[in-house]
Amino acid sequence: MGLEGKADANKDKAAGSVTEGVGKLTGDERAEADGKAQKTQGKGKEAAESVKEAAGDARDSAKGFVDGLKKD
């Protein structure tokens, strides 16, 4: 996971948790819902970064395999 993407995802999850908590404490359903939505957005970004990382790993493995075949 890229450091910048991971930081952005964690920021959204943390801010969402705070907003959701404030909404619960104050009885503000809108703030609570907004917080949940922001946490979900952070989780989505985290998943997207994981997919990018897995794709990069697969690409690197395929390249290594092909390079190994070329040596033979």
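Since every read-out is calculated from the coordinates, none of them should be taken as a lab result. Quick caveat, the model's predicted, so the values are computed rather than measured. As a convention, Cβ positions derive from the backbone with ideal geometry for all residues, glycine included, and neighbour counts pool all protein chains shown.
Per-residue packing, averaged as other Cβ atoms within 10 Å, sorts the ranges 31-38, 63-70 into the order 31-38, 63-70, beginning with the highest. The long axis of helix 29-71 is offset from the longest Cα principal axis of the chain by roughly 0 degrees.
What are the aspartates and glutamates whose alpha-carbon lies under 12 Å from the alpha-carbon of residue 45, with same-chain residues fewer than 8 places away excluded? Within reach: 4, 8, 12.
Computing FRET efficiency as 1/(1 + (r/R0)^6) for residue 33 and residue 3, where r is the C-beta to C-beta distance and R0 is 35 Å, gives about 0.70. Protection proxy ranking for 3-14, 49-60, using the average of other Cβ atoms within 10 Å per residue and placing the highest first: 3-14, 49-60. Each residue, residue 47 and residue 26, gets one label point 7 Å from its Cα in the Cβ direction; the gap between the two is 3.0 nm. The angle between the Cα long axis of helix 3-26 and the main principal axis of the chain comes to about 20°, on a 0 to 90 degree scale. Taking Rg/Rh (Cα atoms, Kirkwood Rh) as calculated from this structure, the corresponding entry among (1) 1.61; (2) 1.54; (3) 1.37 is (3).
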